[in-house]
Amino acid sequence: MKTNDEIFRSFDPLWADIQNSDSFPAKRPLLAHYTSISTLECIMANDEIWLSNPLYMNDMEELRFGILEGARAFRQNEAIKTACGNSNRYNLTLDAFEAKLKQFSEEQAFDIYVFCLSEHDAAKNSDGRLSMWRGYGSNGNGAAIIFDTAKLNYLSGSPLIIANVTYASGNDRCSWIDGKLTEFANLLVEQDIPDDKLHIAVGALFERIKIFSIFTKHHGFSEEQEWRMVYLRERDHQKHLSGMLHYAVGKNGIEPKLKYKILPIEGATTNDLSLEKVVHQIILGPSISNPLAVSSVKRMLETVKKSELSNRVIASTTPFRA
């Protein structure tokens, strides 16, 4: 008889559509985080980046779309009903899915955290992408921190996932979900899962839908070329980062945050992780691209004991003034 883990892994083909060659760690691009000067200062002074819950971000509808559309399609999928073979197994499968959906809504969704970045092509966009300056870099008055993912050591047990975002229309995302449910139905027939283990199979499917929802956005955002670093609390089995779960009070009230320290964490990172190691460059926005601003940011870095980064500060030469 298969173990629970073996049953879960027997549904690994649900992940076959992911092109590993296009994502981390096989692909290690430069990634830009566009932000304000005040946030740049906080990151440098505290060795800390804040990951946000997507339910409090503009991406709320993207996450909800994937989960809710997945639930709707699951309930209506005839292939799954047929694969179950009888009404008792089908009802067990439906109940297992509803339980996973309830667990996600009541427990897991609150502790998903995302840090958004944009793929940076130093050859083609050395000044940063203008649309990103406008949307996320204080309308050109901010900064872009360029992280070099080639300097990151991949650890398979890390609770953090780094991956590129896939863009698709609403119809295409619905089609993907329908196709994935058909794959699941076929695997359910092949694997002949015992009744009392059907919840494990459903758990594997729900995990695939969840990750799809987190890393997929409407194609209207494709210009952003977004990558994400995502923390899922349920994957942090050793609680490496649970002590960084925090909150922030801002213009929208109070919301949960993961205040991630870019420092060595035993069992979760290498022992030499630091901002000095992973920051490739700091680009000042085109609206403040003057020698005084560059000198001021360099002084700030020296003041917060990041003088090693001061020679990596440049100003965008894009002729844009907000």
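Structure notes:
- Cut-off 18 Å, label 7 Å out along Cα→Cβ of HIS218, residues of segment 142-180 by amide N: 165-176
- Prolate/oblate/rounded label for the chain (Cα gyration tensor, a/c 1.5): prolate
- Anisotropy class of segment 206-322 from Cα gyration tensor, a/c 1.5 cut: oblate
- When each of THR166, THR303 is scored by the number of other beta-carbon atoms lying within 10 Å, the sequence from fewest to most is THR303, THR166.
- Using the Cβ-Cβ distance between GLU107 and LEU292 with R0 = 45 Å, the FRET efficiency computed as 1/(1 + (r/R0)^6) comes to roughly 0.35.
- Unit charges at the beta carbon, dipole of the chain: most positive-side option, ILE80, GLN191, VAL165: VAL165
- Relative to the longest principal axis of the Cα atoms of the chain, the long axis of helix 87-103 makes an angle of roughly 20 degrees.
- Note on SER175 and SER87: the model spin-label points, each 7 Å out from Cα along the C-beta direction, lie 3.6 nm apart.
- Relative contact order of segment 145-299, pairs being alpha-carbon contacts under 8 Å that are 6 or more residues apart, as %: 38
- When only the Cβ of Lys, Arg, Asp and Glu is charged (+1, +1, -1, -1), the dipole of the chain relative to its Cα centre reaches about 880 debye.
- Computed extension length for GLU78-THR3: 24.2 nm, one decimal, from 0.36 nm per residue of separation with the Cα-Cα distance subtracted.
- Rounded to the nearest 10 degrees, the angle from helix 37-46 to the longest Cα principal axis of the chain is 80 degrees.
- Our estimate of slack between ASP148 and ARG321, defined as 0.36 nm per intervening residue step minus the Cα-Cα distance, is 59.5 nm.
- Estimated FRET transfer efficiency (GLU266, ARG28; beta-carbon r; R0 30 Å; 0.05): 0.80
- To the nearest ten degrees, helix 170-191 and the longest principal axis of the Cα atoms of the chain are 50 degrees apart.
- Among VAL249, VAL304, VAL189, the largest mean-square fluctuation in a Gaussian network model of the chain (Cα springs under 10 Å) belongs to VAL249.
- Among 226-236, 279-289, the order from most to least packed when residues are scored by Cβ within 10 Å on average: 279-289, 226-236
- The length gained on full extension between SER242 and THR303, counted as 0.36 nm times the residue separation minus their Cα-Cα distance, comes to 19.0 nm.
Here, each number is a calculation from the coordinates, and none is a lab measurement. As the structure is a computational prediction, the values presented were derived from the model and not from experiment. When we count neighbours, we look across all protein chains shown, and the Cβ atoms used for this are built from the backbone with ideal geometry, even at glycine.
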